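The values are calculated or read from the model by the stated rules, or taken from the named source; none is laboratory data. All of these numbers come straight from a predicted model, not from anything done at the bench. Every residue, glycine among them, receives a Cβ derived from its backbone with ideal geometry; neighbour counts consider all protein chains shown.
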Amino acid sequence: MNKTSRLALAALVSGVLAATVAGCGGGSKSSDSSGGNSANTTDTNVGKLADQQVVTMSVGAEPPSLDPGLATDTTSSNVILNIMDPLVKLGDDLKPKPSLAASWDVNGKVVTYHLRENAKWTNGDPVTANDFVYSWKRTLSPDLAADYAYQLNGIQGAAEYNGCDPKKADCDALAQKVGVKAVDDHTLQVTLTSEQPWFIAQSAHSAFLAVNKKAIDQYGAKWTEPQNIITNGPFKLAVWKHDAEIDLVKWDGWRNAKDVTVTGINGKIISDGTTAEQSYEAGDIDVDTTGIPPADIDRWKSKEDYQQYDGLGTYYYGFNTKNISDVNQRKAMSMAIDRQSIIDNVAKAGQTPAQSFTPKGMPGFDDIKTSYLPTSDEKLDDAKDLMNKVANPKKNVNLFINDSPGHKEIAVAVQSFWKQLGITTTIKQQEWAQFLEFLGPPPDKAVDVYRNGWTGDFVDDINFLELWTCKSGNNNSNYCDANYDKLVDEAKQTPDDDKRFGIYKELEDKLTGPNGAHPFAPIYWYTYVQLEKPWIAKTFNTNLLDQWDFTKLKVEEH
């Protein structure tokens with residue numbers, strides 16, 4: 001998803017994803033010759049279980065929102081997806097599997113979900129198809145102004161309702177035209193704008209979750225507080241001490257509670273990597289997901305605590321195209337970045353330099369990718385030539401980053417690369433929630449460049465390339481090209497994979513090709529590195545989308 005708060009490291013294993021566009025999941029731990037855990041899949045050969053099935057972990061940031069309609073980041077979604085029950089989950093085979101929906105039918109543009117009759121809310125009410133109708137229309141509502149509303153734009157009438165201006169149109173009438181309806185309590189029918197091979201997998205995303213209308217009506221914006229929230233997933237929100245702690249407890253009333261072993265997840269919100277590392281070494285936490293300080297990665301690699309996971313995502317620096325308006329300067333700044341040097345000297349986890357926004361491992365990658373940008377410093381002279389073409393270069397830039405481990409070190413490296421172009425870079429570091437506010441969209445006027453990351457919501461490149469459309473709630477760059485948007489719309493109307501991949505190639509060229517707009521500088525493709533105690537390492541898993549499924553977690557005796 002989305003914006004990621006932590007530093008994610010290393011490269012993707014491309015063969016894993018090549019066979020499917022249907023979904024993503026599984027979270028294989030990568031093969032790592034440098035040490036640590038090198039299993040290709042999570043080891044489920046669990047030993048004797050501990051009496052206390054409680055896991056304490058660090059969380060790298062305060063979740064900005066636990067409202068599925070408003071959350072846009074992985075920190076929030078990792079909590080939400082464990083306290084809510086999605087229609088489908090993405091399995092180890094990268095395909096959608098039944099969750100709250102027992103099954104589904106696809107007939108051209110019409111998708112029908114058949115909901116389980118034993119699904120219920122924590123207040124005892126049944127979960128019905130009408131809950132999804134309400135929730136999806138709420139997310140699309142112009143009043144909510146949800147950044148992720150565009151996730152639902154593949155549904156007939158969704159974009160029109162979401163874009164409604166109450167002063168100019170009858171928004172209630174447009175809401176009635178959105179192609180989602182409850183046939184009965186347990187049958188949800190969705191009419192799409194076109195055949196979309198990715199839609200079932202996309203509906204595993206947090207934006208497609210049901211929310212409880214009673215809680216929202218009663219508590220408004222405070223409905224997600226522990227004393228107010230009504231959920232329907234395997235865990236309940238027990239404690240949320242903002243910026244300090246977020247704890248979950250197993251909900252025995254969940255439909256599959258008998259299959260959930262762990263009884264509690266205690267989350268300590270620790271944004272500083274050194275503090276989290278010290279807490280891990282002191283035994284205060286079982287899992288450190290905050291991120292290992294780059295200077296310490298080499299020390300941990302040879303230990304069994306070190307875990308490295310494959311990911312589907314891109315770490316990049318975005319440009320505010322209103323502030324850095326000359327494409328030659330944006331090209332030059334991107335071209336001057338020595339990506340391999342960052343990998344070798346800062347991140348130190350064997351990642352792959354990114355030359356395109358489309359990540360390695362995406363179906364169709366070999367046809368879609370671009371290679372205009374360098375992987376190291378071989379085009380520095382070309383970058384200087386591009387800067388010389390800029391009539392009014394912006395020589396003093398503000399680079400905004402968040403305060404998770406590793407981002408500052410990368411920023412300092414990039415600062416030195418840009419100095420070779422005569423650019424002075426001032427690094428502005430912020431905590432996660434404030435950072436997201438500054439990014440917008442639109443970005444704060446003080447933002448010239450910002451660090452960001454995008455991890456896939458599902459395994460089709462539309463999920464990456466759609467981000468750069470004019471009205472995308474995750475396009476923080478002020479980049480807008482009507483022709484680009486038209487190509488995205490054309491791709492959405494193209495169910496044939498090969499033809500769609502050809503359109504994706506055109507879109508990627510418009511972004512990172514020789515004649516591209518370069519609204520961002522891709523730096524590397526993600527994996528995720530964290531520390532895990534041996535007694536939970538076999539079952540704690542981070543999947544390709546940087547998600548945690550606590551229903552699979554078990555604590556061994558230790």
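Return yes when ASN483 is closer than 22 Å to SER325 by Cβ, in a loop (DSSP other than H, G, I, E, B) and not charged (D, E, K, R) and no when it is not.
No; evaluated as a whole, the condition is false for this residue.
What number of residues within the stretch 421-444 satisfy the criterion of being touching a Phe, Trp or Tyr at 6+ places or on another chain (Cβ under 9 Å) and acidic (Asp, Glu)?
1
Taking the stated definitions as given, is ILE536 in a helix (DSSP H, G or I) and over 23 Å from THR314 (Cα atoms)?
yes
Can you tell me which of ASP125, ASP131, ASP147 is in contact with a Phe, Trp or Tyr (Cβ under 9 Å, 6 or more places away or on another chain) and in contact (Cβ under 8 Å) with a residue 60 or more places away in the chain?
One residue alone meets the criteria, ASP131.
State whether the residues of the stretch 91-98 include one that is within 20 Å of ALA210 (Cβ to Cβ), assigned by TED's automatic domain parsing to the domain that holds PHE199, in contact with a Leu (Cβ under 7 Å, 6 or more places away or on another chain) and among the aliphatic types (A, V, I, L, M).
Within the stretch 91-98, not a single residue is within 20 Å of ALA210 (Cβ to Cβ), assigned by TED's automatic domain parsing to the domain that holds PHE199, in contact with a Leu (Cβ under 7 Å, 6 or more places away or on another chain) and among the aliphatic types (A, V, I, L, M).
Counting only residues that are closer than 16 Å to PRO234 by Cβ and charged (D, E, K, R), which one in the stretch 51-99 is surrounded by the fewest Cβ atoms within 10 Å (Cβ to Cβ)?
Result: LYS97.
Which one is nearest to ALA221 (Cα to Cα), of the residues in the stretch 63-81 that are assigned to a helix (DSSP H, G or I) and among the polar types (S, T, N, Q)?
SER76
Among the residues of the stretch 430-472, which ones are under 15 Å from the mean Cα position of the chain (by Cα) and of a type in the set (Asp, Glu)?
Answer for the stretch 430-472, where residues must be under 15 Å from the mean Cα position of the chain (by Cα) and of a type in the set (Asp, Glu): ASP457, ASP460, ASP461, GLU466.
Looking at this structure, is LEU192 under 28 Å from VAL459 (Cβ atoms), in contact with a helix residue (DSSP H, G or I) (Cβ under 8 Å, 6 or more places away or on another chain), at pLDDT 95 or above and surrounded by 22 or more Cβ atoms within 10 Å (Cβ to Cβ)?
It is false that LEU192 is under 28 Å from VAL459 (Cβ atoms), in contact with a helix residue (DSSP H, G or I) (Cβ under 8 Å, 6 or more places away or on another chain), at pLDDT 95 or above and surrounded by 22 or more Cβ atoms within 10 Å (Cβ to Cβ).
Quick check: is even one residue across the stretch 452-470 touching a strand residue (DSSP E or B) at 6+ places or on another chain (Cβ under 8 Å) and either among the small types (Gly, Ala, Ser) or assigned by TED's automatic domain parsing to the domain that holds LEU192 (or both)?
yes
Do we find that PHE400 is within 24 Å of LYS445 (Cβ to Cβ), under 20 Å from the mean Cα position of the chain (by Cα) and not acidic (Asp, Glu) in this structure?
Against the criterion (within 24 Å of LYS445 (Cβ to Cβ), under 20 Å from the mean Cα position of the chain (by Cα) and not acidic (Asp, Glu)), PHE400 qualifies.
Give me the residue from the stretch 418-441 that is touching a Ser or Thr at 6+ places or on another chain (Cβ under 8 Å) and crowded, with 20+ Cβ neighbours inside 10 Å and, out of that set, farthest from SER325 (Cα to Cα).
Filtering first and then ranking leaves TRP432.
Are there any pairs with C-beta distances below 8 angstrom linking a residue in the stretch 243-264 that is part of a helix (DSSP H, G or I) to a residue that is surrounded by 15 or more Cβ atoms within 10 Å (Cβ to Cβ), with the two at least 6 apart or on different chains, and if so which?
Qualifying pairs under 8 Å: ALA257/PRO234; ALA257/LYS250; ALA257/TRP251; ASP259/THR551.
The conditions are (1) over 24 Å from GLY253 (Cβ atoms); (2) at pLDDT 95 or above; (3) among the aliphatic types (A, V, I, L, M); (4) surrounded by 18 or more Cβ atoms within 10 Å (Cβ to Cβ), and VAL133 fails exactly one of them. Which is it?
Status for VAL133: all satisfied but (1).
Of everything in the stretch 160-181, what is hydrophobic (A, V, I, L, M, F, W, C) and either at pLDDT below 95 or over 23 Å from GLN196 (Cα atoms) (or both)? Give them in sequence order.
Listed by number, the residues that qualify are CYS164, ALA169, CYS171, ALA173.
Look through ASP272, ASP305, ASP286, ASP296 and report the one residue that is in contact with an Asp or Glu (Cβ under 9 Å, 6 or more places away or on another chain), without any contact (Cβ under 8 Å) to a residue 40 or more places away in the chain and over 25 Å from ASN475 (Cα atoms).
Going through ASP272, ASP305, ASP286, ASP296 in turn, the sole match is ASP296.
Evaluate the stretch 531-551: report whether one residue or more is in contact with a Pro (Cβ under 8 Å, 6 or more places away or on another chain) and not basic (Lys, Arg).
yes
If I filter the stretch 505-532 down to residues being touching a helix residue (DSSP H, G or I) at 6+ places or on another chain (Cβ under 8 Å) and part of a loop (DSSP other than H, G, I, E, B), which single residue comes out as nearest to ALA332 (Cα to Cα)?
HIS518
Give me the pairs: first residue in the stretch 405-422 and touching a residue at least 60 places away in the same chain (Cβ under 8 Å), second residue of a type in the set (Val, Ile, Thr) and part of a helix (DSSP H, G or I), beta-carbon distance under 6 Å, and six or more apart or on different chains, which are they?
GLU409/VAL346; ILE410/ILE342; ILE410/VAL346; ALA413/ILE342; ALA413/VAL346
For a quick check of your reading: which strands (runs of 3 or more DSSP E) sit entirely within the stretch 376-458 and have at least 3 residues that are under 21 Å from ILE342 (Cβ atoms), hydrophobic (A, V, I, L, M, F, W, C) and in contact with an Asp or Glu (Cβ under 9 Å, 6 or more places away or on another chain)?
Filter on the stretch 376-458 gives 396-402.
I'd like the residue in the stretch 355-367 that is more than 22 Å from SER341 (Cα to Cα) and in contact with a Leu (Cβ under 8 Å, 6 or more places away or on another chain) and, out of all such residues, is surrounded by the fewest Cβ atoms within 10 Å (Cβ to Cβ).
PRO363
Can you pull out the residues in the stretch 136-164 that are touching a helix residue (DSSP H, G or I) at 6+ places or on another chain (Cβ under 7 Å), surrounded by 19 or more Cβ atoms within 10 Å (Cβ to Cβ) and aliphatic (A, V, I, L, M)?
Passing the criteria: LEU140, ALA146, ALA149, LEU152, ALA158.
Sort through VAL529, VAL555 and tell me the only one that's under 20 Å from the mean Cα position of the chain (by Cα), buried (at least 21 other Cβ atoms within 10 Å of the Cβ) and either touching a residue at least 60 places away in the same chain (Cβ under 8 Å) or not assigned by TED's automatic domain parsing to the domain that holds LEU248 (or both).
From the options VAL529, VAL555, the qualifying one is VAL529.
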